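The values are calculated or read from the model by the stated rules, or taken from the named source; none is laboratory data. A quick note: this is a predicted structure, and the numbers were derived from the prediction, not measured. Glycine gets a Cβ as well: all are built from the backbone with ideal geometry, and neighbour counts include every protein chain shown. Surface areas here come from the heavy atoms of the whole protein model, side chains and all, with no ligands, DNA or RNA. Shrake-Rupley method; radii C 1.70, N 1.55, O 1.52, S 1.80 Å.
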Amino acid sequence: MEKVQALRQYLDTHRVKLVAVSKTKSLAEIRQVYANGQRIFGENRARELAEKQPGLPGDIEWHMIGHLQTNKVKYIAPFVAMIQSVDSLKLLDRIELDAGRAGRTIDVLLQVKIAREESKYGFELDTLPERIGQLTGGRRHVNVRGLMGMASFVDDEDVIRSEFRALKQLFDTLRSDHLARKQDFDTLSMGMSGDYRIAVEEGSTMVRIGSLIFGPRT
Ligand SMILES: *Cc1c(COP(=O)(O)O)cnc(C)c1O
């Protein structure tokens, strides 16, 4: 747990939020990290998240970070704090519907494809600016707070750095231009166990870290 404290200290000095990724981990393991002061946790499957949430402290801020099918939004809409993996207009509209039914407004991030690997999910980097008005406007129960991206799974630091840099550039462009009047478009989620230092250097405001905190997943 000293590891977690050192990690949090590093992130605090850079004003970066830590999402502890607890997928596949037990309630007991999550409680241990909670006892060390961690309050934001992330899961990548809606059913797993919906099953774990009732058994854990109510002040945990839950983030959905994995691909979400529209028919599963209803399981997490009553409590989820943020959905980081919004990758289609269709999903955004479903969150609007299910959040409304739950009497809530849910913060979301738009997932953007930045990796050189062929990734299935996420908006295209090049075309997001022309779509951003349609994605951020006119919904009462969804609030688009920023962008999320995952770099390539490679050893080459330069590749990872240039992908994070491209996402930061898009984030800055949207903030200063298209969304200049939207003060709360303030979150750039990038960086995982293997590449969070590069992400922080490139301007991340939120990292999603699993194995470094919980140990490797089996
Ligand atoms: C699993 C996962 C993480 C955390 O991965 P680690 O390498 O264990 O830190 C971060 N983001 C997403 C979207 C994930 O699915």
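Data overview
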| quantity | calculated |
| --- | --- |
| Residue within the stretch 160-179 that is closer than 28 Å to residue 33 by Cβ, at pLDDT 95 or above and small (Gly, Ala, Ser) present | no |
| Helices (runs of 4 or more DSSP H) completely within the stretch 8-126 that count 1 or more residues being within 22 Å of residue 143 (Cα to Cα) and in contact with a helix residue (DSSP H, G or I) (Cβ under 9 Å, 6 or more places away or on another chain) | 46-52, 73-76, 89-101 |
| Residues that are part of a helix (DSSP H, G or I), of a type outside the set (Gly, Ala, Ser) and surrounded by fewer than 16 Cβ atoms within 10 Å (Cβ to Cβ), drawn from the stretch 166-181 | 169, 172, 173, 177 |
| Meets criteria (surrounded by fewer than 17 Cβ atoms within 10 Å (Cβ to Cβ), within 14 Å of the ligand (Cβ to nearest atom) and of a type in the set (S, T, N, Q)) for residue 24 | yes |
| Some residue of the stretch 192-200 being under 17 Å from residue 113 (Cα atoms), open to solvent by 20 Å² or more (accessible area, probe 1.4 Å), at pLDDT 95 or above and of a type outside the set (D, E, K, R) | yes |
| Total residues in the stretch 147-181, condition closer than 19 Å to residue 87 by Cβ and of a type in the set (Gly, Ala, Ser) | 4 |
| Residue under evaluation residue 184, criteria (1) within 14 Å of the ligand (Cβ to nearest atom); (2) assigned to a loop (DSSP other than H, G, I, E, B); (3) modelled with pLDDT of 95 or more; (4) surrounded by fewer than 16 Cβ atoms within 10 Å (Cβ to Cβ), criterion not met | (1) |
